[in-house]
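**Q** Below you'll find the structure I mean.
The values are calculated or read from the model by the stated rules, or taken from the named source; none is laboratory data. Values in this document were obtained by computation on a predicted structure and should not be read as measured data. For neighbour counting, all protein chains shown are included, and Cβ atoms are generated from backbone atoms with ideal geometry for every residue, glycine included. Ligands, DNA and RNA are stripped out before the accessible areas are found, and what is left, the full protein with its side chains, is counted by its heavy atoms. Shrake-Rupley method; radii C 1.70, N 1.55, O 1.52, S 1.80 Å.
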Amino acid sequence: MADPYDYLVIGAGSAGCVLANRLSADGRTRVCLLEAGGSNWNPFLHIPAGWAANFNNPSVDWGYHTQPEPHLGNREIYWPRGKVLGGSSAINGMVYVRGVPQDFNDWTQAGATGWSWEEVLPYFKRAEHQTTHPDEFHGTDGPLHVQDVRDKRSAHDAFIDAMVECGIPRNADFNGADQAGSGYYQFTQNNGLRCSTATAYLGRADRRRNLTIITRALAQQIVFDDKRATGAVVLRNGTRQTIAARTVVLCGGAINSPQLLELSGVGDANHLQQLGVTVVHDLPGVGEHLQDHVFSKVVYGTHAQASINREVQGWRLIPTALKWLFTRGGPLSTGSAPVGGFWYTRDGLEAPDLQIHFASGATLYNNEGRIQAMPIPAMTGIANQSRPESRGSIHIQSRDSAAPPRIQANYLATELDRRTLLRGVRLVDQFFQTRAMRHLVTGRLAPLPDVNVTDDNELLDYIRADASTTYHPTSTCSIGKVVDPQLKVLGIDNLYVADASVMPFVVSGNTNAACIMIGEKAAEGLLRRQG
């Protein structure tokens, strides 16, 4: 083996790219960044609306599926995860939401000392390049561009008006003093182009001599000397090689980080022994405590001119593409949901427990599992619970590093989760029936018109058949159960985890911003301990 790197970062995703940049910034610390996928050359990784084309594309998406979900009609739920430089930040809907102070204060109560809102806010600001909302909550000179929606439409404004009509006040900044309210989302993009962490962080760092970036390299196993991590075995171009490092940092996300720990002999000893994996350290929390946001949608038909569906299909896609190419505007400049908000489904809550999304279009999956616009003009409202109680798990099924792990999300397992989503879907349906939206809608498409949304049983049957992931899996290597507050794996030296898996609880909103914050905070902590 060659001389060991100072740091081996496994996974070039939302947190991994941050770590690669920050750890190598001094020009002397030797850092190796591994990514199982390829580079981010694909143009659909840079066109904001290209996220729909990247789902179920095996060149950039792991394409996972859950086990049959017992509370969702035993359906297997498709889970896209980025397999490319930038990870899921390269294929997500780009919505930038940090969560609420209560999230991080709950983390500290769960044992995550040093992760309170006051302690994590500086790392959110350090990452951010935000000029629209210059105040004490935002950063202006970070590498990650965060900008307001470029393609604003009358249907978007009408939906916000509908939320206001239903008692939800306007909010110009969900990442400001208060999350509650209705308004436009912010996106991780720069002048109509996606700003993934590969763009934001590696674009500044990939020419450094002390940073080695290796793509199409599947980490198969962490190497140990007793209970001290010394590197990793990697499969690249059909050849196994060992990369030595003084410190190993897993940044594979909520799926791949616990998977690699278990493949390496760190996890529940009984489960590992049953698969013939040599146990290095018995750590039963690995892969447990999985959380994810689950959503259900409401779709209404509309007039052709009010929906973006016709602008992204057939011959009309040509002028739409040209508009984006020359002006960086139009529907191709938009992420998953331009507008929405956060609100309460019941009294007495300290923070909103419901997130709402709206798009002036509607999509479905085609026979190849790709997202495409519905052939008729329609618009979609979505409700998801911000702080679910249900917990699932992710565990390996064999010693094969290329085999997908067993994912059991266990959505809607608790009565609170079911009640919250029922109330959320009803509220979204109410928005479409307001005076503000009345001139735009032609009739409800989903749930079907004969579904009585005021009846719990009828609506819950619809939700069980419709609900899906909001793409926010977390907590499978959580602080206090698998890693300590410094993100070091319990019982193992020189091995850290820094990604969505370390969250004790999923944050109240989209998870990408928090993952980037985790990368920033982890990098500073590692450099401080290095001296």
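**Q** Relative contact order for the chain: what is it in percent, counting Cα pairs under 8 Å that are at least 6 residues apart?
**A** Numbers: 1342 pairs, mean separation 120.6, N = 531.
Computed value for the chain: 23 percent relative contact order.
**Q** Once you have a ≥ b ≥ c as the square roots of the Cα gyration tensor eigenvalues for region 1-81, tell me rounded if a/c is under 1.5, and otherwise prolate or oblate according to whether a/b is larger than b/c.
**A** Values: a/c = 3.01, a/b = 1.87, b/c = 1.61.
Verdict is prolate for region 1-81.
**Q** Could you count how many Lys pairs in the chain have their Cα atoms under 23 Å apart, skipping same-chain pairs fewer than 8 positions apart? Let's see the in-between values first.
**A** Numbers: Lys125/Lys521; Lys152/Lys297; Lys152/Lys323; Lys227/Lys481; Lys227/Lys488; Lys481/Lys521; Lys488/Lys521.
So the count of such lysine pairs works out to 7.
**Q** Hey, if you drop one equal point scatterer on each alpha-carbon of the chain and run the Debye formula without solvent, what base-10 log of I(q)/I(0) do you get at q = 0.05, 0.09, 0.10, 0.12 Å⁻¹?
**A** Listed by q, the Debye log ratios stand at -0.18, -0.61, -0.75, -1.10.
**Q** What are the chymotrypsin sites (Phe, Trp or Tyr not before Pro) within region 6-68 that DSSP puts in a loop, where the Cβ has at most 15 other Cβ atoms within 10 Å? The partial results should precede the final answer.
**A** On the way: sites: Tyr7, Trp41, Phe44, Trp51, Phe55, Trp62, Tyr64; in loops: Trp41, Phe55, Trp62.
When the chymotrypsin sites (Phe, Trp or Tyr not before Pro) of region 6-68 are filtered for loop state and at most 15 Cβ neighbours within 10 Å, Trp41 remain.
**Q** Residue-wise, which Karplus ³J(HN,Hα) couplings in Hz belong to region 45-60, taking 6.51 cos²θ - 1.76 cosθ + 1.60, θ = phi - 60°, and x for glycine or proline?
**A** 7, 10, 6, x, 6, x, 3, 5, 6, 8, 5, 6, 9, x, 6, 9
**Q** Check Ser116: other-chain or 5+ apart residues with amide H under 5 Å from its amide H, H built from backbone geometry?
**A** When sequence neighbours closer than 5 places are left aside, there are no close amide H contacts.
**Q** Dividing the Cα convex hull volume of region 45-183 by residue count, how many Å³ per residue is that?
**A** On the way: hull volume 26.1 nm³, N = 139.
Looking at region 45-183, the number lands at 188 Å³ per residue.
**Q** Hey, what's the Kirkwood Rh for region 115-212 if you take every pair of different alpha carbons, in angstrom? Don't skip to the answer; put the middle values down first.
**A** Details: mean 1/r = 0.0650 Å⁻¹.
Kirkwood hydrodynamic radius for region 115-212: 15.4 Å.
**Q** Then there is this: Return the loop-located GluC sites (Glu not before Pro) in region 61-164 (DSSP other than H, G, I, E, B) with at most 11 other Cβ atoms within 10 Å of their own Cβ; answer none if there are none. Please list the in-between numbers first.
**A** On the way: sites: Glu76, Glu118, Glu119, Glu128, Glu136; in loops: Glu76, Glu136.
Passing both the DSSP loop test and the Cβ count: Glu136.
**Q** Using only the alpha-carbon atoms of region 216-264, report the extent along each of the three principal axes, biggest first, to the nearest angstrom.
**A** Result, largest extent first: 29, 24, 15 Å.
**Q** At 1.4 Å probe size, with the rest of the protein present, what percent of the exposed accessible area of region 279-371 is carbon and sulfur atoms? Kindly include the intermediate steps, with their values, before the conclusion.
**A** Working: 2220 of 3980 Å².
With neighbouring chains kept in place, the figure for region 279-371 is 56 percent.
**Q** Take the solvent-accessible surface of the protein heavy atoms, probe 1.4 Å, and return the percent of it on region 420-522 that carbon and sulfur atoms account for.
**A** On the way: 1630 of 3300 Å².
That share works out to 49 percent.
**Q** Roughly how many Å² is the accessible area per residue of the chain, as a whole number, for a 1.4 Å probe? Walk me through the numbers before you get to the answer.
**A** Details: 20110 Å² over 531 residues.
Normalised by residue count, the accessible surface of the chain is 38 Å².
**Q** Let me ask something additional. Please report the carbon-and-sulfur percent of the accessible area for region 86-162; probe 1.4 Å, protein heavy atoms only, DNA, RNA and ligands left out. Mind showing how you got there, number by number?
**A** Numbers: 1220 of 2700 Å².
It is 45 percent, rounded to a whole number.
**Q** DSSP loop (so not H, G, I, E, B), at most 16 other Cβ within 10 Å: list which GluC sites (Glu not before Pro) in region 286-392 pass both filters.
**A** Values: sites: Glu288, Glu311, Glu350, Glu368, Glu389; in loops: Glu288, Glu350, Glu368, Glu389.
Qualifying residues, ordered by number: Glu350, Glu368, Glu389.
**Q** A further question follows. Run lengths n ≥ 4 of DSSP H only: what is the helix-derived mean residue ellipticity at 222 nm for the chain, with -39500 (n - 2.57) per run over all residues, to the nearest 500? Provide the component values of the computation, followed by the final result.
**A** Values: 12 runs with 124 residues, N = 531.
Rounded to the nearest 500, it is -7000 deg cm²/dmol.
**Q** Looking at region 243-388 only, what percent of DSSP beta bridges run antiparallel? Nearest 5 please. Walk me through the intermediate numbers first.
**A** On the way: 21 of 23 bridges.
Antiparallel: roughly 90 percent of the beta bridges in region 243-388.
**Q** Ok, one more. In whole Hz and in residue order, list the ³J(HN,Hα) couplings for region 8-19 that follow from phi through the Karplus curve 6.51 cos²θ - 1.76 cosθ + 1.60, θ = phi - 60°; x for Gly and Pro.
**A** 10, 9, 9, x, 9, x, 4, 8, x, 5, 4, 4
**Q** Label region 124-181 by shape, choosing from rounded, prolate and oblate, from the square roots a ≥ b ≥ c of the eigenvalues of the Cα gyration tensor; if a/c is under 1.5 it is rounded, and otherwise prolate applies when a/b is larger than b/c, oblate when it is not. Walk me through the numbers on the way to the answer.
**A** Numbers: a/c = 3.98, a/b = 1.82, b/c = 2.19.
Here region 124-181 falls in the oblate category.
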